[in-house]
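The values are calculated or read from the model by the stated rules, or taken from the named source; none is laboratory data. Quick caveat: nothing in here was measured; it's all calculated off a predicted structure. Here the Cβ positions follow ideal geometry from the backbone for every residue, glycine too, while neighbour counts run over all protein chains shown. These accessible areas exclude ligands, DNA and RNA; they are computed on the full protein's heavy atoms, side chains included. Shrake-Rupley method; radii C 1.70, N 1.55, O 1.52, S 1.80 Å.
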Amino acid sequence: NEEGDLSFADAHFLWVRAARRWIGPPRGQREDRRAFVAPRSCGKSTWWFLILPMWAGAHLHTRFAAAFADSGGMAELHLATFKAEQANNAMLRADFKDFCEPMRRHTGRTVADNQNMLHTRSGFTFVAKGIDSTSLGMKMGEVRPTLIIFDDCEPPEATYSPFQRDKRLSTIENAILPLSELAWVVLV
């Protein structure tokens, strides 16, 4: 609002309604693919890389989220924020202990808890990658992504040619979307 207080906007309610569709399995191939556009500073990355995947993962509405950003560094920063919330949010830890703890092997080492991947004791996996990184065949065991998120997957216009745009679109269409025809897909 004009005073600078944070508040919910219509877009936030729209995003929550879209995410509620993740309750239960997808109904069919390529059925739920959505794109959202909103101005800077309205929380797109916070909602789509943190709040909504965390809710869906904690309740196991999705078991495998794959999130992509323009660069690997940007995606890894989003995942680091996600992990920090799991580690430091006392209420989340109290209500969803297994979701907040990494899955461990019989040796005590984590199954996957690194800069670009998290696998929790509850069975939730979150992978965060740069859009141009290798993603073909991505799966955890036999589970393929059930949620694919694209956030700011294009660089600033000043450094982005039509050739690069076409190459990026080809990567999305031919390498990432085929990871799972049944996945919910969100492009922000």
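Comparing Gly73, Thr146, Gly130 along the charge dipole axis of the chain, the residue lying farthest to the positive side is Thr146, per the Cβ-charge model. For segment 153-188, chymotrypsin sites (Phe, Trp or Tyr not before Pro) are listed when DSSP marks them as loop and at most 15 other Cβ atoms sit within 10 Å of their Cβ; the list is Tyr160.
When Rg and the Kirkwood radius Rh are both evaluated on Cα atoms of segment 46-94, their ratio Rg/Rh stands at 0.97. Please label the shape of segment 1-92 as rounded, prolate or oblate, based on the square roots a ≥ b ≥ c of the eigenvalues of the alpha-carbon gyration tensor (a/c under 1.5 means rounded; beyond that, a/b larger than b/c means prolate, else oblate). Judged from the Cα gyration tensor, segment 1-92 comes out rounded (a/c under 1.5). Summarising the strand pairing of the chain, around 30 percent of its internal DSSP beta bridges are antiparallel. Each peptide in 51-58, 89-96, 145-152 gets a packing score, the mean of other Cβ atoms within 10 Å over its residues, and the list from highest to lowest is 145-152, 51-58, 89-96.
The accessible-area ordering, largest first, of the residues His106, His61 stands as His106, His61, per a 1.4 angstrom probe.
For the peptides 24-37, 69-82, residues were scored by their other Cβ atoms within 10 Å and the scores averaged per peptide; the highest-first order is 69-82, 24-37. The mean sequence separation of alpha-carbon pairs under 8 Å and at least six residues apart, normalised by the residue count of the chain, gives a relative contact order of 29 percent. Think of each Lys and Arg Cβ as +1 and each Asp and Glu Cβ as -1; about the Cα centre, that makes the dipole of the chain roughly 800 debye.
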